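Structure, as C-alpha cells:
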Amino acid sequence: MVKMILLSIKPFYLDKILNGIKIIELRKRLGIAFQPNTKIYLYASSPVKAIVGTVSLRAVAKVPLDEATNQKNDIFNKACISQSDFNDYFLNSDFCYFLHLESVKRASLPVSLKTLRSMGVTPPQSFCYLSPENITAIDDILEAK
C-alpha cells in the first residue's frame with residue numbers, strides 16, 4: 001500500500017516550491033515511503049500553519065555530504081539554499097537526501113491547522129504519514145473551488 005506523506009516546510013522555502021523555483025528539497029532523514037511518484041502534501045509551518053499544496057516525488061537520492069558540497073552551485077540553486085544554511089542544517093551529517101520534486105499543485109483552499117487537528121492530524125516537525133481517511137478529507141478541501 002502506498003503511503004501519502006505530510007511534509008513540513010518553512011514558508012520561505014515552500015513559496016519557492018509553489019512558484020517552481022525550488023525543485024529539490026533537502027532532508028537529513030527519510031522514511032521508507034519516500035519513493036518515486038509518491039504524492040506529498042506540503043504543510044507550511046509557522047506562521048502560515050496550513051497545507052498549501054501537493055507535489056509528486058520524481059526521485060530520491062542519498063548523497064554523501066562531501067559529494068553534495070562538490071556540486072554546491074547546482075544544488076544550492078535548485079534547493080534555493082545558501083551555503084551557510086546548508087552547512088548549518090547538515091552539521092555533523094555524513095550524507096543528505098535530495099528529494100526531486102515535480103507536478104507542483106497549489107491548493108485552491110489551504111487546509112488549516114485547526115482543520116487538520118479536527119481530523120486527528122498533528123503536523124510533524126519533519127514528516128508523517130497520512131491515513132486514507134485523512135487523505136480523502138484533505139483532498140476534498142484542497143480541490144474545493
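No lab work stands behind these numbers, since they all come straight from the coordinates. Computed from a prediction, not measured in an experiment: that's the story for all the values here. Glycine gets a Cβ as well: all are built from the backbone with ideal geometry, and neighbour counts include every protein chain shown.
A few notes on this one:
- Residue of Leu101, Leu26, Leu65 that the Gaussian network model of the chain assigns the largest fluctuation, springs spanning Cα pairs under 10 Å: Leu65
- The stretch 3-144 - charge dipole about Cα centre, Lys and Arg +1 at Cβ, Asp and Glu -1, debye rounded to 20: 180
- Label point distance in nm, Lys114-Phe95, each placed 7 Å from Cα along Cα→Cβ: 4.4
- Relative contact order (%) - criterion: Cα under 8 Å, at least six apart; region: the stretch 10-142: 31
- FRET efficiency, 1/(1 + (r/R0)^6) with R0 30 Å, evaluated for Arg29 and Ala144 via beta carbons: 0.35
- Computed [θ] at 222 nm, helices only, for the chain once each DSSP H run of length n ≥ 4 contributes -39500 (n - 2.57): -8500 deg cm²/dmol
- Stokes-Einstein D for the stretch 2-56, Kirkwood Rh over Cα pairs, 25 °C, 0.890 mPa s (µm²/s): 210
- Cα-based convex hull, the stretch 1-118, per residue volume (Å³, whole number): 114
- The smallest convex shape that holds all Cα atoms of the stretch 24-66, its convex hull, gives 99 Å³ per residue.
- Charge sum, other residues only, whose C-beta stays under 15 Å from Gly120's C-beta, Lys/Arg counted +1 and Asp/Glu -1: +1
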